[in-house]
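Read through the structure below, which is laid out as structure tokens, and then see the notes.
The values are calculated or read from the model by the stated rules, or taken from the named source; none is laboratory data. No experiment lies behind these values; they were computed from the predicted model shown. Methodologically, a virtual Cβ is constructed for each residue, glycine included, from the backbone with ideal geometry; neighbour enumeration extends over all protein chains shown.
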2 protein chains.
Amino acid sequence: MTTPFGLKPSEPHTSSFLIKEREQSSLNSKQLSLYIHGEEFLERQERLLNIIENDPVFSKTIRCYQGRSQRILNAMRKDKRILELKRQYRWTDDDLDMADLIVDESRPFSLHRSMFLPTLKNQTTPEQQELFLKPALDYRIIGCYAQTELGHGSNIQGLETTATYIPETKEFEIHSPSLTASKWWIGGLGIASTHAVVMARLITNGKDLGPHPFVVPIRSLQDHRPLAGIKVGDVGPKFGFNTVDNGFILFDHVRIPHNHMLARYAKVDPKTGSYTKPVNDKLSYGTMVYVRVKIVHQIGLSLARATTIATRYSAMRRQFATPQSMKAEVPVLNYEMVQYRIIPLIAQTFALLFTGKQMKKQYLEFMAELKQGDFSKLKELHASSSGLKSLSTTMAISGIEVCRRACGGHGFSQFSGLAEFYGNVLPNATWEGDNFILTQQTGKYLQKFFRDLSSRAAAGPVQGKATTEKYLLEYLTTSAHISPIKSMDDMYNHQYLLKALAHRAARLIHSSLSGSSQIDHYRISEAHCQYLILHNFVHSLPEPNDALYPSLARLCSLYAAHTLESHLADFLEDEYFAPRHAPMVRAAVRELIQELRPDVVPLVDAFNIPDFVVSSALGESDGVVYEKMMEKALLEPLNQTEVVAGYEECIRPFVHGGMGSELNVRL
Amino acid sequence: MTTPFGLKPSEPHTSSFLIKEREQSSLNSKQLSLYIHGEEFLERQERLLNIIENDPVFSKTIRCYQGRSQRILNAMRKDKRILELKRQYRWTDDDLDMADLIVDESRPFSLHRSMFLPTLKNQTTPEQQELFLKPALDYRIIGCYAQTELGHGSNIQGLETTATYIPETKEFEIHSPSLTASKWWIGGLGIASTHAVVMARLITNGKDLGPHPFVVPIRSLQDHRPLAGIKVGDVGPKFGFNTVDNGFILFDHVRIPHNHMLARYAKVDPKTGSYTKPVNDKLSYGTMVYVRVKIVHQIGLSLARATTIATRYSAMRRQFATPQSMKAEVPVLNYEMVQYRIIPLIAQTFALLFTGKQMKKQYLEFMAELKQGDFSKLKELHASSSGLKSLSTTMAISGIEVCRRACGGHGFSQFSGLAEFYGNVLPNATWEGDNFILTQQTGKYLQKFFRDLSSRAAAGPVQGKATTEKYLLEYLTTSAHISPIKSMDDMYNHQYLLKALAHRAARLIHSSLSGSSQIDHYRISEAHCQYLILHNFVHSLPEPNDALYPSLARLCSLYAAHTLESHLADFLEDEYFAPRHAPMVRAAVRELIQELRPDVVPLVDAFNIPDFVVSSALGESDGVVYEKMMEKALLEPLNQTEVVAGYEECIRPFVHGGMGSELNVRL
């Protein structure tokens, strides 16, 4: 570590505080890590980390000082290197997912793998697999998925781009009829792609049949120049994600052969141009569920990273001490207001990680049933995964920013690892369904489900099967809607806490039935998913005699109590809680925070985010903070010359002449 | 406007929607603008805008594509140009403040004017005014204010830098004893300053007398190179504010003459080194109050800018329409969930702007009293301005992000004007007192005030004078703590709404007295300031027969009702509200939103943020959206070549050889 003038850090060193935190706790963070992630995940992470961390192409040292064009170039080098490594080590798709987590930078080729390939896999005929999928798997063509348009976001039905069939030449003509028809935000399109799957309105025999997917070559395979009739480029700088080339594209009567319409489901007869409707594709819902399950799991890891940084730094940072009393001084993590901001977020992180795991399990069960032709769970899984995607990403994004601010002034530095990171996590609130729009679907589904269930229950006894059915049935068959919680001890009873969140969700659904308010749909979806997360948490707890149980049980209670506190009015409004419950809930949150305080550093250690991924001067596991801040500052390009570039032009005239002389001459 | 292929925008054009919104409303936005800002502000804004907007130095066209070093250089050019213009037009300090608002970019010289000059003005002896203030006013020396250290943020008493007096040579020796003593985050220090006011522990005759201010020359006035014993540089990239050179500095036994200690208050005898304590400086509290008043006003303008963009864009953006039905389709601003997110923020903006105005008035009254030797209002003003700085900046920062997300995908683009802007507003939560720490002071003050008032009230009748005293007295002398609100109509009664917020604040203070919890201090401060903001809003309303009254009265009710809804549990918990009040509050928010909906575009027009400041493809007054998005995208540096720089290295090998051949050779 470089320090100017060979200065020593203050004594005691920050790292000693982390060591103490770990020593004073009896929690086994290794064991907990295994419990959270499982052996496979940890083995994979370590294996790939060893390769990636030691490869200079993936160095994270200077990326924060670079402009966008340089960063995009580096990102492509990472793309290339990953493909080389994939070949060398025979990486699987799971390995590649893990590599993406470790490299921690989306790249121009990212969308090729995450969107272009899956679309080709799912929507091609066997002939088209040869034509497109095979070269795409070999990266002989590089692609993207072009759906969103400049004037049309979530709204597929509003797309303007057309694909008109011309039977005479057996071609489709792809055309952008207006400026707002420009495809926009398409990842990988800006600079990298040679091909695009373009969602365009199929028009044949004069009929507009709505959006369908077409493979359109966009750049020359010889020299990468845009093909005739195509205007393509990058959409410019963004809040985050600046290493991805989100692009725009416009088509001026571009012709493609008939076999470029992806024809596994819908078809156009090449001779007559007549259209064959797609068979109902319930499998595509499965894909949406899968993508959302993945988002929930990864967003848990994002929040884990933020809480890791905020917790460790707060355990080391001392404040309101005089230098003389430095040793005696307490870490800011002992301040109630800091604990109150960070520790519930640690509980939320566990909640999200366990929910990600449970959802994956449910998804796999569902897929197995689906293979037997059983689609019965599809709707509920779709509704829950939509709501959970919305809730979990909203929670994590807000939590990351809370963590950043809890780091005080240094949280504002890019060296905190929480600034650009925030911008990179943000799009999760928008892609794969805008978080507000998703809750509308979930809300409406729950209203309908509740209505149907009421009818069924009125007709005779119903046996609740799935989670939602069970808790709604309990609500419908309970006469006294009053919480059984009587004392502070009851706030540790997970069954009582589950009951409370279930009751609120059911009651909100019930009382919303008279209208159709978007605000109600949002509240219903949120309440339902907060219950599901607690439900998943409770079902992820180990046996009570397990050494890990006490901490996890407390985290579970804290997640619940904190959720209750945040929405207390919902429980008081219908008198499910009496007024005396309110101080009880508030006290429970504070008490649980106190009980968890001694273990918080091992708790975040257990998330096992590698330092290479944490990538923060404030929160890496070794507890070296201020040396890293200085080391990184010394790398700032502005510090590479003794005198800044603009001195002669902008500073010297004043210093040497004041406001009166040289300037005066110029005016 | 450039559009590729000469494409026309979709019909009807986005601008026509804004025109319609303005036509359908009877609100006179010009008149309202005058009511909000006053003639002086508007005249000044227009006068300076004409100069700045037409000066190429201040162009905002390409700044979002530039790397940090280029932007810093441009920022210095702006610094220089502003000083030229100041001289040419004889700009006052108020003019310069307005110029900063319009230029909308903090710069290397910014802290010279905002921190260095005021410190010199307030803390120098007449001799030092000649020595430092005079050349500083003339920019012959350029300075900064160096207080914060790498290891010590808000904590002045923890500062490590020392200034040891050496009577033999009549010098102070400035020294950084450790790495954490490095001054850090100092605006203007990174590249621009020639001098720094350094807060260092004064040590004389072996006694540590705590932090005092010293003027330290840091860069040569000849060639700007760092002086001997000084290590100085920029602290590196940040979440925002990247056009400011926040810097670090370390001192290795640097000697300065005796007269470099700012000696208006505390003094060291040059011969004996004996120390004279400062006289109690209540005026410095006045300065802190003034800075916070300014922050509250400016943060209102920041939220105004965000709501302007979100409101206008949502009024133009159409969704869930098919192209065929485009004309008939509704703007997303008609969706309940969009209204629910944006319209309460418009009410909050008005609330903040009026509170800024009222605070300025109170501050001027206080300063007049102070000149008569009357300090009686100091403590309350200090406590309220601390709490209001915290609450208003927290509200605005969160509101800006809500506005950004309400713009959907395009909100993520830098062209939205809401991405980098967010990063630039963020530091308001930290500087001039961390938002959480500030509430601790306010909370404790309110507890003490309440205790004292209770004793006074118990001893005999008390006549309430200031705002806080009045509402706390009413609480203490009321027996039945039950809201008089009985019907929805009462939700429009500002007196009832004021009563509710006053009651909550007083009750929270009262019930917190038994303990000393930081969480309680936070809640008390927040509740108190939410009441103050409503109080200021009500007292800013025009006469009921004024044409502006209906809209403003609704906005006032909406601010209150929305605050009630957000904190409903606080009112239900002590049964000030009965359960039946809860749906009433929720319904009132929705109803007020509906009533305000027809006027929202003129309402944000009335904020009168110049398009040059709005600087957004989504929200400028002309309603041109998608043309601007495309125009800005075409300026992206990546789009200036047909084929991207890394093609040969990273793309061609795959496209021409696939994963198998060329790559294979390399491995």
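Here are some notes:
- Near pairs, Cβ below 8 angstrom, 6+ apart or cross-chain, from segment A:61-90 (within 7 Å of chain B (Cβ to nearest Cβ)) to any residue that is among the basic types (Lys, Arg) and part of a loop (DSSP other than H, G, I, E, B): A:MET76/A:ARG107; A:ASP79/A:ARG107
- Of all residues assigned to segment B:158-165, none qualifies as being within 13 Å of chain A (Cβ to nearest Cβ), surrounded by fewer than 21 Cβ atoms within 10 Å (Cβ to Cβ) and in a helix (DSSP H, G or I).
- A single member of A:PHE436, A:PHE450, A:PHE421 is within 14 Å of chain B (Cβ to nearest Cβ) and touching a helix residue (DSSP H, G or I) at 6+ places or on another chain (Cβ under 6 Å), and it is A:PHE436.
- Residue tally, condition more than 9 Å from chain A (Cβ to nearest Cβ) and out of contact with any His (no Cβ under 7 Å at 6 or more places or on another chain), over segment B:611-633: 15
- Of the criteria (1) in contact with a Ser or Thr (Cβ under 6 Å, 6 or more places away or on another chain); (2) buried (at least 21 other Cβ atoms within 10 Å of the Cβ), which one B:TYR139 fails: (1)
- Listed by first and then second residue, the pairs with beta-carbon distance under 8 Å, at least 6 apart or on different chains, first residue in segment A:122-135 and over 14 Å from A:TYR265 (Cα atoms), second among the basic types (Lys, Arg) and surrounded by fewer than 16 Cβ atoms within 10 Å (Cβ to Cβ), are A:LEU133/A:LYS121.
- Filter pass, A:MET98 being within 30 Å of A:PHE415 (Cα to Cα), within 14 Å of chain B (Cβ to nearest Cβ), out of contact with any Asp or Glu (no Cβ under 7 Å at 6 or more places or on another chain) and not basic (Lys, Arg): no
- In the set B:ALA582, B:ALA553, B:ALA606, only one residue is of a type outside the set (S, T, N, Q), more than 30 Å from B:PHE415 (Cβ to Cβ) and more than 10 Å from chain A (Cβ to nearest Cβ); that residue is B:ALA553.
- Residues (within 30 Å of the chain's Cα centre (by Cα) and without any contact (Cβ under 8 Å) to a residue 24 or more places away in the chain) located in segment B:141-172: B:ASN155, B:GLY158
- Candidate set from segment B:634-652 (those that are in a loop (DSSP other than H, G, I, E, B) and more than 7 Å from chain A (Cβ to nearest Cβ)); member that is nearest to the chain's Cα centre (by Cα): B:LEU635
- Only one entry in B:VAL655, B:VAL589 is out of contact with any Ser or Thr (no Cβ under 7 Å at 6 or more places or on another chain), on the phi < 0 side of the Ramachandran plot, in a helix (DSSP H, G or I) and among the β-branched types (Val, Ile, Thr), namely B:VAL589.
- For A:MET367: the one exception among (1) at pLDDT 90 or above; (2) within 29 Å of the chain's Cα centre (by Cα): (1)
- Candidates A:LEU438, A:LEU453, A:LEU472 - the one that is under 27 Å from the mean Cα position of the chain (by Cα) and crowded, with 16+ Cβ neighbours inside 10 Å: A:LEU438
- Screening the candidates A:LEU42, A:LEU32 for the property of being in contact (Cβ under 8 Å) with a residue 60 or more places away in the chain and touching a helix residue (DSSP H, G or I) at 6+ places or on another chain (Cβ under 7 Å) yields one hit, A:LEU42.
- Some residue of segment A:613-621 being of a type in the set (D, E, K, R), over 30 Å from A:ASP100 (Cβ atoms) and in contact (Cβ under 8 Å) with a residue 40 or more places away in the chain: no
- Residue count for segment A:516-554 satisfying the condition of being of a type in the set (A, V, I, L, M, F, W, C), part of a helix (DSSP H, G or I) and farther than 30 Å from A:TYR445 by Cβ: 2.
- Among the residues making up segment A:176-202, those that are in a loop (DSSP other than H, G, I, E, B), closer than 17 Å to A:HIS212 by Cα and either within 7 Å of chain B (Cβ to nearest Cβ) or in contact (Cβ under 8 Å) with a residue 60 or more places away in the chain (or both) are A:SER176, A:SER182.
- Checking the stated criteria, B:GLU565 turns out not to satisfy the condition of being under 26 Å from the mean Cα position of the chain (by Cα), more than 7 Å from chain A (Cβ to nearest Cβ), among the acidic types (Asp, Glu) and buried (at least 22 other Cβ atoms within 10 Å of the Cβ).
- Top-ranked residue in segment A:286-329 [being in contact with a strand residue (DSSP E or B) (Cβ under 7 Å, 6 or more places away or on another chain) and not in a helix (DSSP H, G or I); ranked as modelled with the lowest pLDDT]: A:GLU329
- Meets criteria (farther than 15 Å from A:TYR285 by Cβ, within 14 Å of chain B (Cβ to nearest Cβ) and free of Cβ contacts under 8 Å to residues at least 12 places away in the same chain) for A:THR430: yes
- Of all residues in segment B:367-377, at least one satisfies being more than 14 Å from B:HIS297 (Cβ to Cβ), assigned to a helix (DSSP H, G or I) and either touching a residue at least 12 places away in the same chain (Cβ under 8 Å) or in contact with a strand residue (DSSP E or B) (Cβ under 9 Å, 6 or more places away or on another chain) (or both).
- Hits in segment B:483-531 (condition: touching a residue at least 12 places away in the same chain (Cβ under 8 Å) and of a type in the set (Asp, Glu)): B:ASP520, B:GLU526
- Just so you know, in segment A:400-418 the residues that are more than 9 Å from chain B (Cβ to nearest Cβ) and farther than 18 Å from B:ALA419 by Cβ include one that is farthest from the chain's Cα centre (by Cα), and it is A:CYS407.
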